[in-house]
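Below is one structure, written out as structure tokens; the observations come after it.
The values are calculated or read from the model by the stated rules, or taken from the named source; none is laboratory data. Only a predicted model underlies this, so the values are computations on that prediction, with no experimental measurement involved. All Cβ positions, glycine included, derive from the backbone under ideal geometry; neighbour counts span all protein chains shown.
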Amino acid sequence: MKLLLKKGKMGEEKVYHIYFEKSCIFKDISELQFKLIWELLNTEYNSELSYTEITVNPTKQRELIVDGSY
């Protein structure tokens, strides 16, 4: 099995949430973890599974945390 991970724009990362029916069963997992888990689960429970992909920029998040003026 060959896994390719894509680098996003300057420091962006992708995280994933996996849902079984409407319940979140994996939250904030990395792209590598997602690809491994999704391949295993999707063979057995493909009609009940869904996922969301979220692009995160850790640099911008740190800036928001540091700048508490809002």
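Any idea which residue in the range 9-29 is modelled with the lowest pLDDT, counting only those that are surrounded by fewer than 11 Cβ atoms within 10 Å (Cβ to Cβ) and of a type outside the set (K, R)?
M10
Among the candidates L41, L64, which residue alone is part of a helix (DSSP H, G or I), surrounded by 14 or more Cβ atoms within 10 Å (Cβ to Cβ) and either at pLDDT below 85 or not β-branched (V, I, T) (or both)?
The match here is L41.
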